[in-house]
Every structure is written in C-alpha cells, then in structure tokens.
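The values are calculated or read from the model by the stated rules, or taken from the named source; none is laboratory data. Model, not experiment: these values are computed from the prediction. So basically every Cβ, Gly included, is an ideal-geometry build from the backbone, and we count neighbours across all protein chains shown.
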Amino acid sequence: MWIDRAFTLAALLVCGEAARAQEAGVQDEVRELAKAAAGQLKSGARVEVEVGQLNPRLHLASCNKVQPYLPPGLPMWGRTRIGLRCADGPVRWNVSLPVTVKVFAPALVAAQALPAGTVLSREQLSVAEVDLAAEPGTAFAGGEAAALVGRSLARPLAAGDALRVTSLSKRQFFAAGETVTVQASGAGFSIGSAGQALSPGIEGQDVRIRLENGRTVTGRAVGERQVEVLL
C-alpha cells in the first residue's frame with residue numbers, strides 16, 4: 001500500500017484500530033527517546049518534545065513495525081530529528097521525523113527590557129525557568145549573576161529573555177604590544193611563559209604572541225593578559 005500527501009505515521013502502518021494504536025505507541029517512543037537523550041545533556045531539566053510530521057512528498061510502503069532511533073551525532077536539542085525505520089514490512093525503509101525538543105531549567109533572565117550596549121547591574125537580572133534550547137548560545141545559571149555585572153549587551157533583550165553567551169559583547173583582555181602570560185599545555189604537561197601580544201586579545205579569539213625566545217605562537221585570549229596555547 002502506498003500513501004498520498006496526507007502523510008502521517010498511521011499511513012505507514014497496517015490499517016485499522018491496530019494502526020492507530022501503533023501510531024500512538026511510536027509517537028510515545030519518539031518522545032521518550034528524545035527526552036532521555038536531552039536529559040543526558042542537561043541533568044534535572046524538564047523536557048518537552050513536540051513531534052512533527054514526515055515530509056508529505058515521501059512515498060513509503062506500509063509497515064507492520066516502525067522503529068524510532070537516535071541519528072548518530074545529532075543532539076536532541078531544539079529543532080532536530082528522530083530516525084524512523086521499518087523493522088517489519090515488505091520494504092525496509094529509513095526516514096527522519098522532525099521533532100522540537102524543549103529543555104526547561106532555571107537561568108538568568110533580563111528583569112526588564114534592556115537595549116543593546118547596556119552595562120549590566122545585579123538589579124537588572126533575575127532567575128526564571130526558560131527553554132535553554134530555544135536559541136543558540138549557552139544560558140547562564142542563577143549563581144553566575146556576579147560574573148555578569150559590568151558586562152555589556154551585544155543585542156537588546158526583552159523582559160524575561162535568557163542571558164546567553166551570545167547576548168554579551170566580547171571583552172578585550174589586552175592590547176597589541178602588551179606583555180601577557182602564556183600557558184602552553186599538552187598531553188600530561190603544562191608550561192608557563194611570558195610574551196608580547198602582536199594583536200589585540202579579544203575574548204575567545206586567536207591571537208599571535210612573540211615569546212621571550214623570539215618564537216611566535218598562536219593562542220586564544222582567555223582572560224586579563226592571559227593566553228592559552230594547546231600543543
């Protein structure tokens with residue numbers, strides 16, 4: 001049996017009451033699979049899963065048993081997909097089903113509307129349950145408020161919006177020409193040295209450093225006059 005453009009899970013299953021019961025069972029399996037995977041990414045979070053619909057342009061043979069599975073390398077976070085394969089049917093097909101995984105946990109939010117460029121104060125921050133997966137960028141936990149005071153916003157926030165790494169302007173940790181501490185580390189060792197910055201040290205960005213012995217290395221600006229080099 002082939003299906004038309006009114007494409008649902010039930011269309012892939014043997015017709016009748018058994019098909020409807022099996023469809024509900026498959027959707028439950030999809031939700032539980034996604035919830036378990038999201039729970040591993042964020043322990044203690046409240047997870048909700050919205051199951052979407054398959055591409056209506058697909059034409060798949062009917063199936064006695066549809067088996068959900070986690071696609072390798074695909075995180076169960078935000079808008080993502082769950083794999084579906086026919087484990088018992090005339091044709092063994094394999095497709096993906098869109099799902100939206102919402103991960104709710106307490107995080108720092110804007111207590112009021114804040115324009116871009118705002119220098120944050122403690123009074124402008126509060127804690128609320130937010131969907132961590134709703135936007136890119138890691139959200140800040142409630143205990144991190146003190147570290148955000150004095151930081152500037154790179155974009156405006158509405159009241160209740162989560163504070164995320166992407167919300168903040170990048171800091172300049174040092175200027176070109178300044179002396180910096182370089183921490184070089186590799187497998188089983190770590191070496192500290194001093195050097196001169198050949199370019200400004202912008203938070204999280206690569207910067208070239210001339211060491212005391214004249215050698216030039218590339219590292220990452222990680223703090224005030226601090227550079228990390230991974231060997």
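Pairing each residue of region 194-209 that is loosely packed, with under 15 Cβ neighbours inside 10 Å with any residue that is assigned to a strand (DSSP E or B) and basic (Lys, Arg), provided the two are 6+ apart or on different chains, yields C-beta distances under 9 Å for Leu198/Arg208; Leu198/Arg210; Gly204/Arg220; Gln205/Arg220; Asp206/Arg220.
What number of residues within region 124-133 satisfy the criterion of being within 23 Å of Gly78 (Cβ to Cβ) and surrounded by 14 or more Cβ atoms within 10 Å (Cβ to Cβ)?
As a first pass, look at region 124-133 and keep what is within 23 Å of Gly78 (Cβ to Cβ): 127-133.
In the following step, the residues that additionally are surrounded by 14 or more Cβ atoms within 10 Å (Cβ to Cβ) were identified as 127-128, 130-133.
So the answer is 6.
Ala21 satisfies every condition listed in (1) more than 30 Å from Gly143 (Cα to Cα); (2) surrounded by fewer than 13 Cβ atoms within 10 Å (Cβ to Cβ); (3) modelled with pLDDT of 95 or more; (4) of a type in the set (A, V, I, L, M) except (3).
With Glu178, Glu123 as the choices, which residue is of a type in the set (Asp, Glu) and touching a residue at least 40 places away in the same chain (Cβ under 8 Å)? Walk me through it before giving the result.
Working: Glu123 fails: touching a residue at least 40 places away in the same chain (Cβ under 8 Å).
After applying the criteria, what remains is Glu178.
Within region 49-83, the residues that satisfy the criterion of being under 28 Å from Ala139 (Cβ atoms) and surrounded by fewer than 16 Cβ atoms within 10 Å (Cβ to Cβ) are Glu50, Gly52, Pro71, Pro72, Gly73, Leu74, Pro75, Arg79.
Every condition in (1) within 20 Å of Leu108 (Cβ to Cβ); (2) buried (at least 16 other Cβ atoms within 10 Å of the Cβ) holds for Ala221 except the one numbered (1). Here Ile82 meets each of (1) without any contact (Cβ under 8 Å) to a residue 24 or more places away in the chain; (2) part of a strand (DSSP E or B) with one exception, condition (1). Just one of the listed residues (Val95, Val127) is part of a strand (DSSP E or B), hydrophobic (A, V, I, L, M, F, W, C) and not assigned by TED's automatic domain parsing to the domain that holds Ser43, namely Val127.
Any residue in region 134-146 that is crowded, with 17+ Cβ neighbours inside 10 Å, outside the structural domain of Gly44 (by TED's automatic domain parsing) and not small (Gly, Ala, Ser)? Yes - at least one qualifying residue is present in region 134-146.
Which residue is farthest from Val101 (Cα to Cα), if the candidates are limited to region 130-143 and must be at pLDDT below 95 and not in a loop (DSSP other than H, G, I, E, B)? Ranking the candidates gives Gly143 first.
Val101 meets all of the listed conditions (1) modelled with pLDDT of 95 or more; (2) more than 20 Å from Gly137 (Cα to Cα); (3) not in a loop (DSSP other than H, G, I, E, B) but one, namely (2).
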